[in-house]
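The values are calculated or read from the model by the stated rules, or taken from the named source; none is laboratory data. Quick caveat: nothing in here was measured; it's all calculated off a predicted structure. Cβ placement follows ideal geometry from the backbone for every residue including glycine, while neighbour counts extend to all protein chains displayed. Please note that ligands, DNA and RNA were not included when accessible areas were found on the heavy atoms of the full protein model with its side chains. Shrake-Rupley method; radii C 1.70, N 1.55, O 1.52, S 1.80 Å.
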Amino acid sequence: MSRPIRVAILDDEPLARLALRTRLAQRPGFELVAEYGDGDSAASGLAALRPDLVFVDIDMPGKTGLDVLAGLPRAARPMAILLTAYDGFALQAFELAAIDYLLKPVDDERFEEALERAQRAFPYRCAGAAQPASAPAAEWTRTFTVRVGNRIVLVDSADVERIEADGDYATLHAQGKTYLVRERLQALALRLDPSMFQRVHRSSIVRLDRVVELRALTNRDALLRLRDGTLLRASRTYMPALVQALERRPRADAALAV
């Protein structure tokens, strides 16, 4: 990357802006260039400043964060990471091509994932890619190379139903078999096509077309049922991004009860 990613923060809460500013200062490759406490100043400031990435609080008095983004010309719209205490804005996030959607209070690991996603998308945005929120298809992992005894086995990602953390490693569940991958779940999540796979918990990733039911729990987590009957818990911190990803699926065949 030839230059740092220029970041702006839009949030009406001073303490929330301070928390983001502190986290960004600890991460190389990002440069904070502006902060806005209201939608009106952000609308004019973002249009003039043209940052690469903006953290956007959705729920603000007056002009909301979504209003600000929607008011910018598509070509001038920065990469956006949406912030909210509520989980009902997934469809709007998808329509505005947000690269991530974080639920307040923001989990440290989810924040790091969002920054990693921004760094992956940034080179293609600079190159004028039509879909700045996604890397080209060739960038995503299509085959896992795993060792089974003294053999090397190739596992097609299309055959993987879910992936679970196993300490510093991860376990693939594919066609009734399990395979150990010598890589942490967080690193795997960043190499998988987000239109096909989504992390739903600190310890699990699911293939989206295997989800047939999503049922909300009282603590804002959710219970997922997969095609093979497997039940998985989806953490509230991953729920907005999961719902957004399910909205993108060509076939709306999941039974959502959220």
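Give a residue-ordered list of calculated ³J(HN,Hα) values for segment 67-72 (Karplus: 6.51 cos²θ - 1.76 cosθ + 1.60, θ = phi - 60°; whole Hz; x for Gly, Pro).
Listing the rounded values in order: 4, 4, 5, 5, x, 8 Hz.
Ignoring ligands, DNA and RNA, what accessible area per residue does the chain give at 1.4 Å, in Å²?
Value for the chain: 48 Å² per residue.
Give me, ordered by chain and number, the residues 5 or more places off residue 201 or on other chains with an amide H under 5 Å from its own placed amide H.
It is 235, by chain and number.
Tell me the label-point distance for the pair residue 86, residue 180, using the 7 Å Cα-to-Cβ offset, in nm and rounded to one decimal.
Rounded to a tenth, the inter-label distance reads 4.7 nm.
In whole percent, how big is the carbon plus sulfur part of the accessible area of the chain, probe 1.4 Å, protein atoms only?
Carbon and sulfur: 51 percent of the exposed surface of the chain.
Let me know the shape class of segment 1-89, please: from the alpha-carbon gyration tensor, a ≥ b ≥ c as square roots of the eigenvalues, rounded when a/c is under 1.5, otherwise prolate if a/b is greater than b/c, or oblate. Don't skip to the end; give the middle numbers.
Numbers: a/c = 1.70, a/b = 1.19, b/c = 1.43.
It is oblate, given that a/c is not under 1.5 and a/b is not larger than b/c.
Please list, in order, the residues from segment 49-87 whose amide nitrogen is less than 11 Å from a point placed 7 Å along the Cα→Cβ vector of residue 218.
Hits in segment 49-87 for residue 218 at 11 Å: none.
Order 146-155, 101-110, 169-178 from most to least packed using the mean count of other Cβ atoms within 10 Å.
Going from most to least packed, we get 101-110, 169-178, 146-155.
Let me have the 222 nm mean residue ellipticity of the chain computed from DSSP H runs of 4+ only, each contributing -39500 (n - 2.57), with the sum over all residues rounded to the nearest 500.
Only helices count here, giving -8500 deg cm²/dmol.
Highest mean first, how do 24-34, 233-243 rank when packing is the count of other Cβ atoms within 10 Å averaged over residues?
Going from most to least packed, we get 233-243, 24-34.
Give the peptides 161-168, 52-59, 79-86 in descending order of average Cβ contacts within 10 Å, highest first.
Going from most to least packed, we get 52-59, 79-86, 161-168.
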